[in-house]
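The values are calculated or read from the model by the stated rules, or taken from the named source; none is laboratory data. These numbers were taken from a predicted model, which means no experiment stands behind them. Glycine also receives a Cβ, built like all others from the backbone with ideal geometry; neighbour counts cover every protein chain displayed. Areas reflect the complete protein model, heavy atoms only, side chains present, ligands, DNA and RNA absent. Shrake-Rupley method; radii C 1.70, N 1.55, O 1.52, S 1.80 Å.
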Amino acid sequence: ETGVTQTPRHLVMGMTNKKSLKCEQHLGHNAMYWYKQSAKKPLELMFVYSLEERVENNSVPSRFSPECPNSSHLFLHLHTLQPEDSALYLCASSLGRGGSTDTQYFGPGTRLTVL
Amino acid sequence: KQEVTQIPAALSVPEGENLVLNCSFTDSAIYNLQWFRQDPGKGLTSLLLIQSSQREQTSGRLNASLDKSSGRSTLYIAASQPGDSATYLCAVRHGGTASKLTFGTGTRLQVTL
């Protein structure tokens, strides 16, 4: 399988549940990203990992916990979420070497609904 | 703080028309600018990337221009087709090893038969 994959594609959870989103890239990239896309708002960068080290945490609430065990996998662990956290969560990866042509490749996203 | 604005928010055109989508940004100290396409409920696909030293990039029927000093970019789509219907997102990149992008809210394009 090529590109950036995300599982699950859809997730419905209650506010007391714990769940995880998974992202996998098969592109040999060194940087991975989590974005949140809510209706009528720009994509919001949540976390950036470069060579498995978190380099950016964009003031994200602690109920979102990222994990990057290796350069190909990225997780977003969710617990005690709020209904306003319902959104499309997108994962992306890039070569991450700082070149001016460094392009991010996106996965299809996970549509999360918090009841 | 960088802000990216896209106008119009939505656009409907008949097939065959040429059209222009606009993007503006407040901080001209950008590394590059990208245009993405997003189909409903899907991820983003990169269309064109313009480096800060470049004025334009072309790919097929798409042409993107960049005027960094005025904080503006346009995406020109020639001879639009129904398959072009999607949301088009503009994003600017700031420096750093991992490319941090700031996105606009997008223009939702509908090309009708």
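Please go through the range A:75-107 and give me each residue that is open to solvent by 30 Å² or more (accessible area, probe 1.4 Å) and over 16 Å from A:Ser20 (Cα atoms), ordered by number. Before the answer, list the steps.
Taking the range A:75-107 as the starting set, the residues that turn out to be open to solvent by 30 Å² or more (accessible area, probe 1.4 Å) are A:75, A:77, A:79-80, A:82-84, A:86, A:95, A:97, A:99-101, A:105.
Passing the criteria: A:Pro83, A:Glu84, A:Leu95, A:Arg97, A:Gly99, A:Ser100, A:Thr101, A:Tyr105.
Taking B:Gln110 as the residue in question, decide whether it is more than 12 Å from the chain's Cα centre (by Cα), touching a residue at least 60 places away in the same chain (Cβ under 8 Å) and surrounded by fewer than 16 Cβ atoms within 10 Å (Cβ to Cβ). Write out each step before concluding.
On the way: more than 12 Å from the chain's Cα centre (by Cα): yes; touching a residue at least 60 places away in the same chain (Cβ under 8 Å): yes; surrounded by fewer than 16 Cβ atoms within 10 Å (Cβ to Cβ): yes.
It is true that B:Gln110 is more than 12 Å from the chain's Cα centre (by Cα), touching a residue at least 60 places away in the same chain (Cβ under 8 Å) and surrounded by fewer than 16 Cβ atoms within 10 Å (Cβ to Cβ).
Given the structure, is A:Val55 open to solvent by less than 50 Å² (accessible area, probe 1.4 Å) and without any contact (Cβ under 8 Å) to a residue 40 or more places away in the chain? So that I can check it myself, show each step before the final result.
On the way: open to solvent by less than 50 Å² (accessible area, probe 1.4 Å): no; without any contact (Cβ under 8 Å) to a residue 40 or more places away in the chain: yes.
Criteria not met by A:Val55.
State all residues of the range B:10-66 that are small (Gly, Ala, Ser), open to solvent by less than 80 Å² (accessible area, probe 1.4 Å) and facing another protein chain (nearest Cβ under 10 Å); if no residue qualifies, say none. Outline the logic, then answer.
Here is the first cut: in the range B:10-66, the residues small (Gly, Ala, Ser) are B:10, B:12, B:16, B:24, B:28-29, B:41, B:43, B:46, B:52-53, B:59-60, B:64-65.
Next, only the ones that are open to solvent by less than 80 Å² (accessible area, probe 1.4 Å) stay: B:10, B:16, B:24, B:28-29, B:41, B:43, B:46, B:52, B:59-60, B:64-65.
Once the filter is applied, which keeps residues that are small (Gly, Ala, Ser), open to solvent by less than 80 Å² (accessible area, probe 1.4 Å) and facing another protein chain (nearest Cβ under 10 Å), the range B:10-66 yields B:Gly41, B:Gly43, B:Ser46, B:Ser52.
So, B:Ser80, is that one assigned to a loop (DSSP other than H, G, I, E, B) and either under 20 Å from B:Asn18 (Cβ atoms) or touching a residue at least 60 places away in the same chain (Cβ under 8 Å) (or both) or not? Quick ask: steps written out before the conclusion?
Values: assigned to a loop (DSSP other than H, G, I, E, B): yes; either under 20 Å from B:Asn18 (Cβ atoms) or touching a residue at least 60 places away in the same chain (Cβ under 8 Å) (or both): yes.
Here the answer is yes, as B:Ser80 does meet what is asked.
Which of the residues that make up the range A:34-50 are more than 9 Å from every other protein chain (Cβ to nearest Cβ) and surrounded by fewer than 13 Cβ atoms within 10 Å (Cβ to Cβ)?
Step one: list which residues in the range A:34-50 are more than 9 Å from every other protein chain (Cβ to nearest Cβ), which gives A:34, A:36, A:38-39, A:46-47.
Within the range A:34-50, just A:Ala39 meets the criteria.
Can B:Ser53 be described as out of contact with any Ser or Thr (no Cβ under 7 Å at 6 or more places or on another chain), more than 22 Å from A:Ala31 (Cβ to Cβ), modelled with pLDDT of 95 or more and assigned to a loop (DSSP other than H, G, I, E, B)?
Details: out of contact with any Ser or Thr (no Cβ under 7 Å at 6 or more places or on another chain): yes; more than 22 Å from A:Ala31 (Cβ to Cβ): yes; modelled with pLDDT of 95 or more: no; assigned to a loop (DSSP other than H, G, I, E, B): yes.
The answer is no for B:Ser53.
Just to verify a result, which residue in the range B:67-90, among those that are within 14 Å of chain A (Cβ to nearest Cβ) and modelled with pLDDT of 95 or more, is most open to solvent (accessible area, probe 1.4 Å)?
Our first condition is that a residue be within 14 Å of chain A (Cβ to nearest Cβ); within the range B:67-90, this holds for B:68, B:86-90.
Then drop every residue that is not modelled with pLDDT of 95 or more, which leaves B:86-90.
Details: B:Ala86: 7, B:Thr87: 35, B:Tyr88: 5, B:Leu89: 3, B:Cys90: 0 Å².
For the range B:67-90, the residue satisfying everything is B:Thr87.
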